[in-house]
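Participant: Okay, handing you the structure first.
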């Protein structure tokens, strides 16, 4: 072996070791390709170099790394397998050495000055992934030794490229999954639909650098797609056009419930030309519980801009976006329903208070006061003052009826039932019934229109002003308080609630009141008012307050009772309606009669 041969062998061994080192230690694809190009230059002083990788789906070679080629060539060139020197090398799975390209019919000219070319296929596990292509402006520039040497290292370089691509895919997938998780969390926290759609458009730029983007939602008929949000080159635009489901790319994706990746829309007959500059498009249906609720539509001015990776990523994200949109639309519907309910409740509250006496009757020998405080927007308590028509005989002529009631339950149902009871009270008042008779009549009316689980506890009294006589009957309301000259007496009138049984009878008590006497009627909401510590306000406090403040006028006495209950609860939630009616006999006297 001569010295020259030894040096040559040593150089080859060094080259092989360097190639092995690069492919075994470099996992970044761009770095790997650059280092491979640098190592090959040490044995071949090339001017034009490229590594093209094979797209298996299209069976085309595309530039992945290039030296000496123009950017336009790198961007636009697609070489079909079997075409040109590189395509032939891939098809035959053999290195192709062309000493003079001008005499080769299958040569594809990219650079006019090129005279010779060497193409080495990159094969991994009997699978071609690409080709190394070296060109020279000199004829017969490449040798058989160059061909054999690069053929030997070609499989190692191919293995390194495949490992780098695998690593890149895994790294990209990991980053994408992390990003998708972040985006999903972000979108799931937004319940305003317009804000959500805007946020979707913003977040997708972290995944795909699109130029045009739209979210179209299926309308209520299920036959058309409405543009709900659209961006054109980062500017929001309004698009009012509807697209029938089944028409165009978006309509097709919605109908078939399948994503569409269109490399060149000009070659797809389904494409509807809305944006003249569009060349490639990606459409992903939004599926929720098996139904298509809309589509995501991404467009770009470059052909083949969107990739299979984009398709997979968007398909994964679309499921989360569909859930977020449905949640936002559900929240929107619930909000609208709540707003309507609030308006209805506000109107019902106004109407309920209109059903209460607008002003208290003016009496010669007594003064009246009342207050109603519902636990919710509307409540089930009621009170009323009913002026009986004058009559020389029968019932209670020239009397004033006083009613206070508490319907079972709370809210709208209780309020409607209370309004029904109020109507019956006013209807029967024209017959001037006594206290017990009124309860009998109300029960009869309710029994004829029975509502399951609904009833009312009602205290009813008649007041004959000129005689200062009060008749009282009670159907389950807390027993009223009678205070005579500061001495308390419970009005022991009891009875069954109204509306549960066909026939009921109630005891009636009569009191000959004296000036200064006070009668207080109240619902159990006042008795049951509870402090934050769970202590009831209780009947005992009510009786004590009446005993201490009986000298006050009727209105001030009612205010004292409500203020004391408010102070007791100290901001705790009110869970039952509260109603108080007070009658204060005018003047002063110390005589009392009961029968």
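Participant: If we keep just the residues of region 374-385 that are surrounded by fewer than 22 Cβ atoms within 10 Å (Cβ to Cβ), farther than 13 Å from residue 524 by Cβ and in contact with a helix residue (DSSP H, G or I) (Cβ under 8 Å, 6 or more places away or on another chain), which is modelled with the lowest pLDDT?
Facilitator: 377
Participant: Quick one: which residue in 282, 274, 231, 261 is surrounded by 14 or more Cβ atoms within 10 Å (Cβ to Cβ), assigned by TED's automatic domain parsing to the domain that holds residue 203, at pLDDT below 90 and more than 25 Å from the chain's Cα centre (by Cα)? Break it down into steps so the answer makes sense when it comes.
Facilitator: Details: 282 fails: at pLDDT below 90; 231 fails: more than 25 Å from the chain's Cα centre (by Cα); 261 fails: at pLDDT below 90.
274 is the lone residue from the list that is surrounded by 14 or more Cβ atoms within 10 Å (Cβ to Cβ), assigned by TED's automatic domain parsing to the domain that holds residue 203, at pLDDT below 90 and more than 25 Å from the chain's Cα centre (by Cα).
Participant: Give just the number: which of (1) more than 30 Å from residue 257 (Cα to Cα); (2) touching a helix residue (DSSP H, G or I) at 6+ places or on another chain (Cβ under 7 Å) does residue 163 not satisfy?
Facilitator: Against the list (1) more than 30 Å from residue 257 (Cα to Cα); (2) touching a helix residue (DSSP H, G or I) at 6+ places or on another chain (Cβ under 7 Å), residue 163 comes up short only on (2).
Participant: Of the residues that sit in region 482-498 and are farther than 14 Å from residue 516 by Cβ and modelled with pLDDT of 90 or more, which one is surrounded by the most Cβ atoms within 10 Å (Cβ to Cβ)?
Facilitator: Per the criteria, the residue is 498.
Participant: Which of the residues spanning region 193-208 are within 20 Å of residue 274 (Cα to Cα) and either more than 18 Å from the chain's Cα centre (by Cα) or free of Cβ contacts under 8 Å to residues at least 24 places away in the same chain (or both)? Explain how you work it out, then say what you get.
Facilitator: Quick first cut of region 193-208, residues within 20 Å of residue 274 (Cα to Cα) only: 201.
None; the set is empty.
Participant: Further question: Go through (1) in contact with a strand residue (DSSP E or B) (Cβ under 6 Å, 6 or more places away or on another chain); (2) part of a helix (DSSP H, G or I); (3) modelled with pLDDT under 90; (4) over 23 Å from residue 57 (Cα atoms) one by one and return the number of the condition residue 239 breaks.
Facilitator: (2)
Participant: Given the conditions (1) touching a residue at least 60 places away in the same chain (Cβ under 8 Å); (2) within 25 Å of the chain's Cα centre (by Cα); (3) surrounded by 19 or more Cβ atoms within 10 Å (Cβ to Cβ); (4) under 20 Å from residue 304 (Cα atoms), report the number of the one that residue 212 does not fulfil.
Facilitator: Against the list (1) touching a residue at least 60 places away in the same chain (Cβ under 8 Å); (2) within 25 Å of the chain's Cα centre (by Cα); (3) surrounded by 19 or more Cβ atoms within 10 Å (Cβ to Cβ); (4) under 20 Å from residue 304 (Cα atoms), residue 212 comes up short only on (2).
Participant: I would also like to ask the following. Which residue, of 545, 552, is buried (at least 16 other Cβ atoms within 10 Å of the Cβ), in the same structural domain as residue 421 (by TED's automatic domain parsing) and either in a helix (DSSP H, G or I) or in contact with a strand residue (DSSP E or B) (Cβ under 6 Å, 6 or more places away or on another chain) (or both)?
Facilitator: Values: 552 fails: either in a helix (DSSP H, G or I) or in contact with a strand residue (DSSP E or B) (Cβ under 6 Å, 6 or more places away or on another chain) (or both).
Result: 545 is the single residue among 545, 552 that is buried (at least 16 other Cβ atoms within 10 Å of the Cβ), in the same structural domain as residue 421 (by TED's automatic domain parsing) and either in a helix (DSSP H, G or I) or in contact with a strand residue (DSSP E or B) (Cβ under 6 Å, 6 or more places away or on another chain) (or both).
Participant: Looking at region 445-473 only, could you name the residues that are in contact (Cβ under 8 Å) with a residue 24 or more places away in the chain, surrounded by fewer than 21 Cβ atoms within 10 Å (Cβ to Cβ) and in a helix (DSSP H, G or I)?
Facilitator: Of everything in region 445-473, just one residue is in contact (Cβ under 8 Å) with a residue 24 or more places away in the chain, surrounded by fewer than 21 Cβ atoms within 10 Å (Cβ to Cβ) and in a helix (DSSP H, G or I), namely 447.
Participant: Moving on to the next point. Just a yes or no: is a residue in region 524-539 in contact with a helix residue (DSSP H, G or I) (Cβ under 6 Å, 6 or more places away or on another chain), within 17 Å of residue 368 (Cβ to Cβ), in the same structural domain as residue 407 (by TED's automatic domain parsing) and touching a residue at least 12 places away in the same chain (Cβ under 8 Å)?
Facilitator: No, there is no match, as no residue in region 524-539 is in contact with a helix residue (DSSP H, G or I) (Cβ under 6 Å, 6 or more places away or on another chain), within 17 Å of residue 368 (Cβ to Cβ), in the same structural domain as residue 407 (by TED's automatic domain parsing) and touching a residue at least 12 places away in the same chain (Cβ under 8 Å).
Participant: May I pose another question? Would you mind stating whether residue 563 is at pLDDT 90 or above, more than 55 Å from the chain's Cα centre (by Cα) and either at negative phi or crowded, with 21+ Cβ neighbours inside 10 Å (or both)? Give the derivation first.
Facilitator: Values: at pLDDT 90 or above: yes; more than 55 Å from the chain's Cα centre (by Cα): no; either at negative phi or crowded, with 21+ Cβ neighbours inside 10 Å (or both): yes.
Taking the combined requirement at face value, the residue does not satisfy it.
Table: residues versus (1) without any contact (Cβ under 8 Å) to a residue 24 or more places away in the chain; (2) farther than 30 Å from residue 17 by Cβ; (3) surrounded by fewer than 16 Cβ atoms within 10 Å (Cβ to Cβ).
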| position | (1), (2), (3) |
| --- | --- |
| 71 | yes, yes, yes |
| 111 | no, yes, yes |
| 119 | no, no, no |
| 123 | no, no, no |
| 134 | no, no, no |
| 137 | no, yes, yes |
| 143 | yes, no, yes |
| 159 | no, no, no |
| 165 | no, no, no |
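Participant: What single numbered condition from (1) farther than 26 Å from residue 551 by Cα; (2) touching a residue at least 60 places away in the same chain (Cβ under 8 Å) fails to hold for residue 484?
Facilitator: (1)
Participant: Still on this structure, please answer the following. Within region 90-108, does at least one residue satisfy the condition of being farther than 16 Å from residue 54 by Cβ, touching a helix residue (DSSP H, G or I) at 6+ places or on another chain (Cβ under 7 Å) and assigned to a strand (DSSP E or B)?
Facilitator: The answer is yes, given that some residue of region 90-108 is farther than 16 Å from residue 54 by Cβ, touching a helix residue (DSSP H, G or I) at 6+ places or on another chain (Cβ under 7 Å) and assigned to a strand (DSSP E or B).
The values are calculated or read from the model by the stated rules, or taken from the named source; none is laboratory data. Given the structure is predicted, the values throughout are model-derived calculations rather than measurements. Note that we place each Cβ from the backbone using ideal geometry, even for glycine, and neighbour counts take in every protein chain shown.
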